[in-house]
2 protein chains.
Amino acid sequence: MSLDAIAETLSKACRLEHDQPLVVGLSGGPDSLCLLDLLHGLGYRLHVVHVNHLLRPEADKDAQLVREMVEQRGLLFYTSEVDVHKHAETFHLTVEAAARELRYHCLFEQAQQLSAQAVVVGHTADDQVETVLMHLLRGSSLSGLRGMPFRALPNAWSAEIPLVRPLLATWRTEIDRYCLDHDLHPLTDTTNQDTTYTRNRLRHELIPLLDGYQPGLRKRILRMAGLLREDDDLLENLVSQAWQSCVVEQGDGYLALRLERFRAQPMAIQRRLVRRAAENLIVGVPDITYDDIQRAVMFAHQPSSTGQSDWMAGLRLAVESGDLWVAAWEADLPPPTWPQVQAGSLLPLEVPGITPLAAGWVIQAERVTLDGESLLAALSNPDPYQVWLAEECLPEPLVVRCQQPGDEFQPLGMQGQSVRLREWMSKLKLPSRVRASWPVVCAGEAIMWVPGCQPAHLARIKPDTRQSLHLTLKKIDSA
Amino acid sequence: MSLDAIAETLSKACRLEHDQPLVVGLSGGPDSLCLLDLLHGLGYRLHVVHVNHLLRPEADKDAQLVREMVEQRGLLFYTSEVDVHKHAETFHLTVEAAARELRYHCLFEQAQQLSAQAVVVGHTADDQVETVLMHLLRGSSLSGLRGMPFRALPNAWSAEIPLVRPLLATWRTEIDRYCLDHDLHPLTDTTNQDTTYTRNRLRHELIPLLDGYQPGLRKRILRMAGLLREDDDLLENLVSQAWQSCVVEQGDGYLALRLERFRAQPMAIQRRLVRRAAENLIVGVPDITYDDIQRAVMFAHQPSSTGQSDWMAGLRLAVESGDLWVAAWEADLPPPTWPQVQAGSLLPLEVPGITPLAAGWVIQAERVTLDGESLLAALSNPDPYQVWLAEECLPEPLVVRCQQPGDEFQPLGMQGQSVRLREWMSKLKLPSRVRASWPVVCAGEAIMWVPGCQPAHLARIKPDTRQSLHLTLKKIDSA
């Protein structure tokens with residue numbers, strides 16, 4: 001083990017500062033004791049935390065020995081006792097998982113109180129290899145195969161305080177050597193509390209066996225993880241760019257991705273965007289499976305919107321107005337922004353004048369005498385949010401309302417044939433949430449204009465139409 | 001196994017056309033027989049090749065049975081006998097590797113003669129999982145962990161004819177089922193010729209064992225490879241873009257990457273660029289190790305050029321004029337393009353006139369009377385490839401030569417202090433190959449101008465200088 005290399009890792013990969021407090025977890029085993037000795041030797045400002053899991057008869061004796069290790073060095077020592085069995089029972093966890101959760105909770109709580117720059121733990125290169133192999137056996141994606149980072153922020157316990165692992169490139173054999181050389185006397189039995197049963201089997205059975213297939217396996221896996229980390233970092237940068245471009249709304253418990261832009265991304269990026277959406281909305285580190293990701297991507301690729309769908313961990317998916325919404329079921333989505341009328345209202349149209357609808361939308365109406373250029377404009381109108389209607393064909397009263405069951409409509413271009421309005425709108429791919437409150441303009445009983453779609457055949461402008469009603473649907477921002 | 005899915009794989013992932021001939025390798029085992037039956041049923045134009053390795057006593061009998069399978073279906077049959085032991089001995093290969101090499105050689109030779117659209121082989125999802133695990137045990141990068149592609153072009157045997165593997169998503173159990181259902185009778189003993197010893201151990205020992213750790217391992221590894229393939233494809237697209245921007249010279253056995261642009265790439269891309277450079281220069285599929293890549297990247301990052309360095313597989317690395325050259329040792333690099341003079345020559349400077357140097361470079365000389373604007377231009381000259389010298393300070397003769405051992409120079413801006421020319425040039429980061437033939441202009445014994453650098457203190461233009469010699473170094477393209 002090179003002290004220079006460790007010092008460089010601490011300042012570069014871990015980005016630790018000498019003048020800021022640092023919380024170190026110390027079990028008393030070789031890894032954490034070696035880490036403590038290194039950090040102390042290099043002059044970092046240490047606060048040492050020992051979590052007593054009270055799981056074994058010698059736990060108290062060990063805690064005392066750990067205290068001596070710390071006080072020998074004149075460092076500040078904090079110890080916490082935790083009830084692992086109770087925690088395991090309450091949250092249906094294995095004893096190992098419960099111990100781990102409580103341990104990190106204590107470390108980060110202390111770090112928070114001390115405004116520490118980081119929590120430092122003693123994971124080694126061997127731990128890294130085990131982690132990568134565990135992810136492999138689970139068939140993980142690149143984000144698992146890359147292994148643990150030297151510096152994790154955000155992490156499962158904090159969004160502000162990084163979890164730092166300076167020994168990730170240091171082998172256990174090097175640590176044992178260091179302890180011998182520096183006359184350190186680690187405890188021997190508490191070191192494996194971090195390891196679950198699977199990890200222990202992996203460490204003691206599988207890795208030695210795999211090493212028999214290809215000697216030097218550990219080193220190669222560690223190197224591989226390093227390469228994959230570079231690849232993954234690069235991809236994550238691309239995802240950040242894509243995220244910037246795709247996310248069009250973000251609020252408490254929800255976010256929306258512009259579908260067109262999302263679908264234009266390579267599949268590898270689409271999967272990561274969906275994952276990032278979940279990570280943004282779920283507190284802690286969610287357990288997102290391949291199937292979860294796959295389901296969301298499939299949902300985003302269905303040709304037409306079909307309302308919303310349950311996704312995972314209390315989240316739902318919805319496609320609306322060209323956006324993919326990812327939201328907690330209980331989240332209030334932002335007020336809708338499409339043209340709309342309050343349900344049940346029947347608004348007399350002001351002519352000439354401005355009729356307020358809802359959510360800031362208005363219809364502006366004016367009488368226009370068509371002639372030459374203005375006739376041409378009316379006949380060749382490309383804007384679906386304005387219309388010219390032949391005034392002589394409009395019976396009174398002129399009103400704005402939203403669609404009603406049984407509404408029929410004779411759209412321009414179908415020789416006066418009737419269609420069911422509901423079916424017509426669904427062909428136009430307006431999402432259901434939007435369709436229900438979409439404004440329609442009626443004259444007498446007949447629908448004369450569906451904004452965004454056509455005017456009615458009856459009220460169409462003909463080359464000899466002179467008196468017209470010009471309607472414009474628009475949003476008043478301050479409304 | 002879904003026939004529709006296979007048909008889609010054949011046309012989409014494998015991009016096979018129904019109207020172009022196709023070479024199918026048929027060992028007679030379940031995988032290749034199932035593949036043959038599927039392709040035949042779907043109406044592809046098949047030419048079936050069986051390679052007889054003559055390794056086992058029943059080889060001839062098997063070849064006869066395979067012939068019957070093919071002729072039953074009314075297909076064209078080709079058989080080749082190969083001498084595996086001789087090939088293994090000649091090229092120091094294992095018997096398995098030699099058999100594999102000869103087999104693919106036969107398949108592609110036949111495909112070449114028939115102008116076939118592809119060579120199709122029967123690798124399965126199980127083969128894929130084994131391949132990925134073998135790469136993992138070797139600590140491969142993403143390009144290994146992604147596994148085999150459905151369609152490989154270029155491949156180790158051809159740059160024009162793709163190697164296609166339509167059954168990569170089909171499990172062996174599905175194939176066995178298919179053979180049963182379709183009353184196919186594959187040979188049982190020749191199927192494992194493709195497998196090296198490592199692969200056999202992996203298949204029969206390791207995978208069942210790993211499956212015991214995490215049941216369903218095979219499926220998860222296959223799915224993982226699919227995800228990694230998407231990631232790798234995306235990264236390879238980025239590499240192609242970077243390649244376009246970085247490669248500034250490419251010829252027979254060499255290529256050059258503009259260093260500044262290369263170094264500006266993320267490390268993951270730099271590694272891949274270096275790999276792609278090797279793949280471009282080495283015939284076949286080179287065995288490029290992590291260390292090879294690492295060495296080349298380190299070479300490209302050394303702060304100053306140190307000539308050239310041996311790399312791998314007959315290639316060398318060199319940094320020159322801001323470019324990283326990757327070249328076969330025996331390749332003739334393109335003629336150098338920097339300003340230069342033939343070694344040992346002493347060229348009288350034509351004044352006024354044009355003096356040809358070497359490699360198309362000339363110095364153009366003219367007498368200029370300085371006054372007002374022209375004096376200002378001379379005093380504030382920003383172009384290192386032209387100079388104005390005070391004519392009254394230039395003793396005869398005026399000559400151009402390259403540097404000589406012991407040359408000294410009094411550059412402008414150092415109050416007439418002398419520097420060793422060699423050291424001065426090396427400070428200017430001119431590479432050694434360039435320095436040796438770089439032109440200098442002398443008057444009498446003294447160096448008056450080092451093009452690209454300064455004029456001499458002695459011959460500098462002062463505000464009262466009137467008679468000047470204006471020199472311009474330039475390249476005549478047609479020279």
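When B:55, B:38, B:22 are checked against the criterion of being surrounded by 22 or more Cβ atoms within 10 Å (Cβ to Cβ), within 18 Å of residue B:103 (Cβ to Cβ) and not β-branched (Val, Ile, Thr), a single residue qualifies: B:22.
Each residue in the range A:276-287 was checked for being surrounded by 16 or more Cβ atoms within 10 Å (Cβ to Cβ) and either touching a residue at least 40 places away in the same chain (Cβ under 8 Å) or outside any helix (DSSP H, G or I) (or both), and 5 pass. Against the test of being within 35 Å of the chain's Cα centre (by Cα) and part of a helix (DSSP H, G or I), the options B:17, B:71, B:8 yield a single qualifying residue, B:8. Among the candidates B:270, B:241, the residue that is of a type outside the set (Lys, Arg), surrounded by fewer than 18 Cβ atoms within 10 Å (Cβ to Cβ) and out of contact with any Gly (no Cβ under 6 Å at 6 or more places or on another chain) is uniquely B:241. Among residues of the range A:288-322 being in a loop (DSSP other than H, G, I, E, B) and buried (at least 18 other Cβ atoms within 10 Å of the Cβ), the one that is modelled with the highest pLDDT is A:311. So for the range B:174-182 (the condition being more than 11 Å from every other protein chain (Cβ to nearest Cβ), more than 26 Å from the chain's Cα centre (by Cα) and assigned to a loop (DSSP other than H, G, I, E, B)), does at least one residue qualify? Within the range B:174-182, one or more residues are more than 11 Å from every other protein chain (Cβ to nearest Cβ), more than 26 Å from the chain's Cα centre (by Cα) and assigned to a loop (DSSP other than H, G, I, E, B). Only one of the numbered conditions (1) more than 18 Å from residue A:164 (Cβ to Cβ); (2) in a helix (DSSP H, G or I); (3) not hydroxyl-bearing (Ser, Thr, Tyr) is violated by residue A:38, and that is (1). Look at the range A:166-182: where a residue is surrounded by 15 or more Cβ atoms within 10 Å (Cβ to Cβ) and a partner is among the aromatic types (Phe, Trp, Tyr), sitting 6+ places away or on another chain with Cβ atoms under 6 Å, you get A:168/A:150.
Taking the range A:190-270 as the region of interest, the helices (runs of 4 or more DSSP H) fully inside it that hold 1 or more residues being at the interface with chain B (Cβ under 8 Å from one of its Cβ atoms) and in contact with a Pro (Cβ under 8 Å, 6 or more places away or on another chain) are A:217-246. For the range B:146-163, indicate whether the set of residues that are within 14 Å of another protein chain (Cβ to nearest Cβ) and closer than 22 Å to residue B:28 by Cβ is non-empty. Within the range B:146-163, not a single residue is within 14 Å of another protein chain (Cβ to nearest Cβ) and closer than 22 Å to residue B:28 by Cβ. Across the range A:72-96, the qualifying residues are those that are in contact with a Leu (Cβ under 9 Å, 6 or more places away or on another chain) and acidic (Asp, Glu), and the one among them that is surrounded by the most Cβ atoms within 10 Å (Cβ to Cβ) is A:81.
Would you tally the residues in the range A:170-210 being of a type in the set (A, V, I, L, M, F, W, C) and modelled with pLDDT under 85?
Residues flagged as of a type in the set (A, V, I, L, M, F, W, C) and modelled with pLDDT under 85 within the range A:170-210 amount to 4.
Within the range A:377-436, being within 37 Å of the chain's Cα centre (by Cα) and either modelled with pLDDT of 90 or more or basic (Lys, Arg) (or both) holds for A:422, A:427, A:429, A:433, A:435. For the range A:115-143, the tally of residues that are of a type in the set (Ser, Thr, Tyr) and within 13 Å of chain B (Cβ to nearest Cβ) stands at 3. Tell me yes or no: at least one residue of the range A:216-236 is touching a helix residue (DSSP H, G or I) at 6+ places or on another chain (Cβ under 7 Å), at pLDDT below 85 and not aliphatic (A, V, I, L, M). Checking the range A:216-236: not a single residue is touching a helix residue (DSSP H, G or I) at 6+ places or on another chain (Cβ under 7 Å), at pLDDT below 85 and not aliphatic (A, V, I, L, M).
Sub-6 Å Cβ pairs linking a first residue in the range B:28-57 that is among the aromatic types (Phe, Trp, Tyr) to a second residue that is assigned to a strand (DSSP E or B), at least 6 apart or interchain, are B:44/B:22, ordered by first then second residue. What do you reckon, is residue B:51 touching a Cys at 6+ places or on another chain (Cβ under 6 Å) and not in a helix (DSSP H, G or I)? Taking the combined requirement at face value, the residue satisfies it.
The values are calculated or read from the model by the stated rules, or taken from the named source; none is laboratory data. The shown structure was predicted, so the numbers you read here are calculated from the model rather than taken from an experiment. Positions of Cβ are generated from backbone atoms using ideal geometry, with glycine treated the same way; all protein chains shown enter the neighbour counts.
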